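Student: Quick one: the structure is below, questions incoming.
The values are calculated or read from the model by the stated rules, or taken from the named source; none is laboratory data. Predicted, not measured: the structure shown is a model, and the values here were computed from it. As a convention, Cβ positions derive from the backbone with ideal geometry for all residues, glycine included, and neighbour counts pool all protein chains shown. Quick note on the areas: whole protein, heavy atoms, side chains included, nothing else; ligands and nucleic acids left out. Shrake-Rupley method; radii C 1.70, N 1.55, O 1.52, S 1.80 Å.
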Amino acid sequence: MTQSKDIKKENSKANKKEFRTSIGGQALIEGIMMRGPSKYSVVVRSKEGLVEKTQEYTPLKEKFKLFGLPFIRGVVNFGSSMALGVRSIMFSADQMPDDELGEATKFDRWIEEKLGNERAEKIIITIGVVIGIAVSVGLFMLLPTLLAGFVAQYVESVVIRNLIEGAMRIIIFLTYLWLTSKISYMRRVWQYHGAEHKAIYCYEKELPLTIENVKQQSSLHPRCGTSFMFIVMVVSILVFSVISWNNLLIRFVLRIALLPVVVSISYELIKLAGRYDNILTSIISAPGKALQRITTKEPDDDMIEVAIKALENVIPVEEEKTQASW
């Protein structure tokens, strides 16, 4: 009888799906932001110790069911993630000594004087999101289109022209990563990035969140922003190839108009890669994981402590919520 129970127990373990969480994060200035199903937490290491900010929020998909539908949720989540990311960076920057970050600009002081701290923060966050999206679109979408326009007159095939543009897009992205790797303070940001990934892996393996357990985990995660950006590069080649135009201005307009489609498809692919572990998802994840060898570094114990604290702050009471919120 006991043997039969043991066999059933082992079979139950074997049939249990490997745990996958929807919790994700972002490396900050000397800190980490973790975002769970209903809370987000920012933990920063200042000279006085750990500074924390944990806040509940209601996902937009729960307010508006339309925003939770496939191929719509990608654009919505991308925008909300950008806003939360800028807000978290501002919080982490506030914890740093003034001599490290420099004085506030006249524009910042003018906004605070005229509108107050709360409204000023919302405006600065909005400006930060707009600038972030504009720079990304300009650098990774429009610049390759402009450069490809110089060779378009020598290439008759539309397919070849689109492939050249796609190749330039990927080269610019890789060059951007390589150049940022030469900035000294970025190494610490990428160490925090590695700590974030390691902590999430430890949680997904259902191990106690200790520094030693987290240390043993990989820093390469399929649901990383680096992986997402590379998938966007590849998907854009396919989507932009569907509609082509010789006029440069019209091509610019088409690129921007099709960008939500690119983001939506890319979002679904990276969610698929993060949820399942098979040959297809391994192929999807492989290039992004390779690039994470640049954007993640081995963290020290203090950084891992920050990641653990931020993660613990957003773990829901009902664990299944993290598995069901894809």
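Student: Quick check on the stretch 40-79: of everything there that is touching a Phe, Trp or Tyr at 6+ places or on another chain (Cβ under 9 Å) and part of a helix (DSSP H, G or I), which residue is farthest from GLU268 (Cα to Cα)?
Tutor: LEU60
Student: Which one of these does LYS182 not meet: (1) farther than 14 Å from PHE230 by Cβ; (2) assigned to a helix (DSSP H, G or I); (3) among the charged types (D, E, K, R)?
Tutor: Looking at each condition in turn, LYS182 falls short on (2).
Student: Select from the stretch 256-267 the residues that are surrounded by 17 or more Cβ atoms within 10 Å (Cβ to Cβ) and not polar (S, T, N, Q) and list them in ascending order.
Tutor: Matches in the stretch 256-267: LEU259, VAL261, VAL262, VAL263, ILE265, TYR267.
Student: Among the residues of the stretch 222-241, is any at pLDDT 90 or above and under 20 Å from GLU312 (Cα atoms)?
Tutor: Checked the stretch 222-241: at least one residue is at pLDDT 90 or above and under 20 Å from GLU312 (Cα atoms).
Student: What residue, of LEU147, LEU177, is modelled with pLDDT of 85 or more and open to solvent by 40 Å² or more (accessible area, probe 1.4 Å)?
Tutor: LEU147
Student: Right, next: Which numbered condition trips up LEU209, out of (1) open to solvent by 30 Å² or more (accessible area, probe 1.4 Å); (2) part of a helix (DSSP H, G or I)?
Tutor: Exception for LEU209: condition (2).
Student: Being closer than 20 Å to ASP301 by Cα, assigned to a helix (DSSP H, G or I) and over 22 Å from the mean Cα position of the chain (by Cα): is that true of ASN162 here? Lay out the reasoning, then the answer.
Tutor: Working: closer than 20 Å to ASP301 by Cα: no; assigned to a helix (DSSP H, G or I): yes; over 22 Å from the mean Cα position of the chain (by Cα): yes.
It is false that ASN162 is closer than 20 Å to ASP301 by Cα, assigned to a helix (DSSP H, G or I) and over 22 Å from the mean Cα position of the chain (by Cα).
Student: Now, a different point. Across the stretch 46-71, what is the total count of residues that are more than 17 Å from VAL314 (Cα to Cα) and open to solvent by 60 Å² or more (accessible area, probe 1.4 Å)? Give the steps one after another, and end with the answer.
Tutor: Within the stretch 46-71, the first condition is being more than 17 Å from VAL314 (Cα to Cα), and the residues that meet it are 46-49, 60-71.
So of that shortlist, the ones also open to solvent by 60 Å² or more (accessible area, probe 1.4 Å) come out as 47-48, 60-67, 69-71.
So the answer is 13.
Student: Given the residues ARG187, ARG255, which is the only one that is touching a Leu at 6+ places or on another chain (Cβ under 8 Å) and basic (Lys, Arg)?
Tutor: None of the others qualify; the one that does is ARG255.
Student: May I ask you to list the residues in the stretch 302-326 that are of a type outside the set (A, V, I, L, M, F, W, C), modelled with pLDDT of 95 or more and more than 25 Å from THR180 (Cβ to Cβ)? Outline the logic, then answer.
Tutor: Just the residues of the stretch 302-326 that are of a type outside the set (A, V, I, L, M, F, W, C), to begin with: 302, 305, 309, 312-313, 316, 318-323, 325.
When the remaining residues are screened for being modelled with pLDDT of 95 or more, the result is 302, 305, 309, 312-313.
Of everything in the stretch 302-326, those that are of a type outside the set (A, V, I, L, M, F, W, C), modelled with pLDDT of 95 or more and more than 25 Å from THR180 (Cβ to Cβ) turn out to be GLU305, LYS309, GLU312, ASN313.
Student: Among (1) in contact (Cβ under 8 Å) with a residue 40 or more places away in the chain; (2) under 23 Å from TRP190 (Cβ atoms); (3) out of contact with any helix residue (DSSP H, G or I) (no Cβ under 6 Å at 6 or more places or on another chain), which single condition is ASP277 missing?
Tutor: (2)
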